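Take a look at the structure below.
The values are calculated or read from the model by the stated rules, or taken from the named source; none is laboratory data. Everything numeric in this text was worked out from a predicted model, so none of it was measured. Ideal geometry is used to build each Cβ from the backbone, glycine not excepted, and the neighbour counts take in all protein chains shown. Just the protein is used for accessible areas: all its heavy atoms, side chains included, with ligands, DNA and RNA removed. Shrake-Rupley method; radii C 1.70, N 1.55, O 1.52, S 1.80 Å.
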Amino acid sequence: MEPIEIKPGIYWVGGIDWDVRNFHGYLTQRGATYNAYLIMDEKIVLVDTVKHYLFDEMLARISEVVDPSKIDYVVSNHVEMDHSGNLAKILALAPDAKVVTSPNGEKGLRRHYKEDWDFVVVKSGDTINIGKRTMQFFLTPMVHWPDNMVTYLPEEKILLSNDAFGQHIATPERFDDEIGWDVLHEEAAKYYANIVFPYGDQVKKALDALSGLDLEIVAPGHGIIWRTYLPKILEAYQKWATNTAENRAVIIYDTMWGSTEKMAHSLRAGLEKAGIPVTMRNLKTLHISDIMADVLRSKAILVGSPTLNNGIFPSVGAFLTYLKGLRPKNRIGFAFGSYGWGGQAVKEMETIMNDLGWDMPVEGVKIQYIPDEGELDKVKEAGKELGAVIKKE
Ligand code: FEO
């Protein structure tokens, strides 16, 4: 297990999770990486650790550079266990090391590990000199937990950003230009949509706080390290954090006997007639975590559900529960679906969209049993009407 020197004296010593395909409900089809960084200076620093089962891999990489007992500081940018999961093990090998963390980090680490480690608690702007270099810390609460912070090395123009700017991808490459923007943009968007989406305001605050920093490299806690595409990912984060979506629509639906699906395709036809690109997402074939990347991108979110047992179809209900938690803002919503006798699903979906603060400029549509051609034409018209509103945005 080799470390990778990302700048002279600064090493990536993380772990690659080749097999993980489900990260607490988020499908990670490309696996994942937990990044830890070793800084060799007059003081030796380990920034973050890896998920518990990758300890040996991280230790082997560290040991190629230095005897772990010589580590002076372990910086814990984030309490969540994919980053802190091996603190206890590394501190057992480096018993004199201090643990540098935020105020909420200390509380969280004490709750997780019940250990009285030698904590150094830092606030935004605090610095620790480690020889030729300085570590400067910025608290970034809710990106992704209340305890999050980032570590900046001004002499190196490196930001060790933990969850911010991450992507779930397992790869031997460590730098963005070794993979390419398209794949990384897709994974970074999916990551943002599933992990950071609810905290756009806090992301914006963090981006503002970091905007004055001279940056050459942003090295996150997951995935590859940004250097060539750094301006592009910063621009993407600005867009995502301000809920700026494209003039396009995503239609998310499930169907029992095909009627809601027919309505979905008529809506698509109407939207396309109005010149709006449409992505179709059938909940029978796609996972909710994949669909969230489309929600991140799209201005209009159309959701279709048959009424089952006087309510929303279970797969659509699960999607909406997930969506409610991730709280996308500034969207246009539209609900539709077929029913047999009650027809409550459309109303219930509209209540959820209303709670999210979405605009619903076109009234939702429900159709009993099987839509006929005339009814489908009306659905298409509703799609066209919606398309015209989206175009004006
Ligand atoms: Fe990668 Fe919030 O942990």
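Details
- Positive-end extreme of charge dipole, the chain - chosen from Ala209, Val295, Asn148 (charges on Cβ): Val295
- 5 angstrom amide H check on Val120, placed H, neighbours 5+ away: Val99, Val100, Thr101
- Excluding same-chain neighbours fewer than eight residues apart, the aspartates and glutamates reachable from Lys123 by a Cα-Cα span under 17 Å are Glu106, Asp147, Asp208.
- What the Cβ-Cβ distance of Lys284 and Gln344 gives, at R0 = 22 Å and to the nearest 0.05, is a FRET efficiency of 0.55.
- Extreme residue, positive dipole direction of the stretch 249-392, given options Ile251, Leu326, Pro371 (C-beta unit charges): Leu326
- Highest-first arrangement of 208-216, 309-317, 297-305, where packing means the average Cβ count within 10 Å: 297-305, 309-317, 208-216
- Filter on Lys98/Lys205; Lys157/Lys205; Lys157/Lys204; Lys239/Lys392; Lys51/Lys98 - keep pairs with C-alpha separation over 23 Å: Lys98/Lys205
- Chain lengthening between Tyr369 and Thr242 when straightened (0.36 nm per residue, less Cα-Cα): 41.7 nm
- Theoretical FRET efficiency, 1/(1+(r/R0)^6), r = Cβ-Cβ of Met256 and His185, R0 41 Å, to 0.05: 0.70
- Just the protein heavy atoms count here, and of the accessible area of the chain at 1.4 Å, carbon and sulfur take up 50 percent.
- Debye-sum result for the stretch 47-203 in log10 I(q)/I(0), which assumes one identical scatterer on each alpha carbon, at q = 0.14, 0.19, 0.20 Å⁻¹: -0.76, -1.38, -1.47
- In the stretch 249-392, Rg over Rh equals 0.92, where Rg is the alpha-carbon radius of gyration and Rh the Kirkwood radius from pairwise Cα distances.
- Candidate cross-link partners of Lys262 among the lysines, defined by an alpha-carbon separation under 20 Å and a same-chain spacing of 8 or more, comprise Lys273, Lys284, Lys347, Lys366, Lys378, Lys380, Lys384.
- Annotation: amide H-H contacts under 5 Å for Thr33 (H modelled 1.01 Å from N, sequence separation of 5 or more, or interchain): Asp17, Ile169, Gly223.
- Rounded to 5, the percent of DSSP beta bridges in the stretch 1-160 classed as antiparallel: 75
- Derived scalar couplings between HN and Hα for the stretch 14-25 equal x, x, 9, 9, 5, 9, 5, 10, 9, 9, 5, x Hz in order, rounded to whole Hz, by the Karplus curve 6.51 cos²θ - 1.76 cosθ + 1.60 (θ = phi - 60°), x for Gly and Pro.
- Extension gain, Asp116 back to Lys204 (0.36 nm per residue minus Cα-Cα distance, nm): 28.3 nm
- Taking Cα centre as origin and charging only the Cβ of basic (Lys, Arg, +1) and acidic (Asp, Glu, -1) residues, the dipole magnitude of the chain rounds to 1000 debye.
- When DSSP beta bridges are restricted to pairs lying wholly in the stretch 283-393, around 15% turn out antiparallel.
- Angstrom value of the Kirkwood radius, inverse mean 1/r, which spans all Cα pairs in the chain: 22.5
- A Förster radius of 45 Å, combined with the Cβ-Cβ distance separating Asp126 from Lys273, puts the computed FRET efficiency at roughly 0.20.
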